[in-house]
Amino acid sequence: MLARLARLILRLAGWTAVGGVMDDPKAVVIAAPHTSNRDGFWALTYKIATGLDIHFFAKHSLFWFPLGNILRALGGIDLDRRKAGSAVNKAIAMFAEKESFYFGLAPEGTRRKMRGWKTGFYRIAQGADVPVYLGFLDFGNKRIGIGPKFELTGDQEADLANIRKFYDGIEGRWPDKASPIAFP
């Protein structure tokens, strides 16, 4: 019933949901561009509509009652951003503990415009030896979904250049806030 409601919300808001099928039992799913508070709402609505069991970090300040209970039920894992570096190791450990695990994150790590994407998604995927799926929120075309699988080669510069090609033409809610797809 919740999935039907989520599909209805997407349809009424004019969104077209695409993709959602991942052939691997484990993967990192990036969601970009991340320029608005609304991104999380639409990503969670898509997740529910498609029935995907994707887990994600959210800042610990969001885990107050009752929102924290809802976020945990939806796959949220509280993250204290003051403990820099612990997120990558925590995510890699979660992959090691499970036979099937999808982990989603925004590579910008914030809604503010940054000099480039953070490397956490790359380090998590490498450390867990899993592929990356290219998720997107395209406000310009009102499309949301999960695009192709990307196997990392270990050459960050080349991999990012190839990922950049996929995101050409995908527009965030606030395009002027979108971070370039490059490592700072």
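The values are calculated or read from the model by the stated rules, or taken from the named source; none is laboratory data. Not measured: the values here are computed from a predicted model. Cβ coordinates were reconstructed from backbone atoms using ideal geometry, including for glycine residues, and neighbour counts include every protein chain displayed.
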When the residues of the stretch 23-40 are filtered to those that are in a strand (DSSP E or B) and out of contact with any Gly (no Cβ under 8 Å at 6 or more places or on another chain), which remaining residue is nearest to Leu10 (Cα to Cα)?
Ala27
If a residue must be at negative phi and touching a residue at least 12 places away in the same chain (Cβ under 8 Å), how many such residues does the stretch 70-84 contain?
8
Quick one: in the stretch 92-115, which of the residues that are modelled with pLDDT under 95 and small (Gly, Ala, Ser) is farthest from Tyr133 (Cα to Cα)?
Gly109
Output the qualifying pairs, or none if there are none: Cβ atoms under 6 angstrom, residues six or more apart or on different chains, first residue in the stretch 140-157 and free of Cβ contacts under 8 Å to residues at least 60 places away in the same chain and over 20 Å from Leu105 (Cβ atoms), second residue in a loop (DSSP other than H, G, I, E, B) and not hydrophobic (A, V, I, L, M, F, W, C).
Gly140/Glu171
Residues in the stretch 126-134: is at least one touching a residue at least 12 places away in the same chain (Cβ under 8 Å), touching a helix residue (DSSP H, G or I) at 6+ places or on another chain (Cβ under 9 Å) and aromatic (Phe, Trp, Tyr)?
no
In the stretch 53-87, what residues are surrounded by 14 or more Cβ atoms within 10 Å (Cβ to Cβ), of a type outside the set (A, V, I, L, M, F, W, C) and not in a helix (DSSP H, G or I)?
His55, Gly75, Gly76, Asp78
Among the residues that make up the stretch 14-24, is at least one of them within 17 Å of the chain's Cα centre (by Cα) and at pLDDT 95 or above?
yes
Any chance Thr35 is over 24 Å from Asn141 (Cβ atoms) and under 15 Å from the mean Cα position of the chain (by Cα):
no
Flag for Tyr102 being under 16 Å from the mean Cα position of the chain (by Cα), aromatic (Phe, Trp, Tyr) and not in a helix (DSSP H, G or I):
yes
The residue from Ala3, Ala43 that alone is assigned to a helix (DSSP H, G or I), surrounded by 12 or more Cβ atoms within 10 Å (Cβ to Cβ) and out of contact with any strand residue (DSSP E or B) (no Cβ under 9 Å at 6 or more places or on another chain) is Ala3
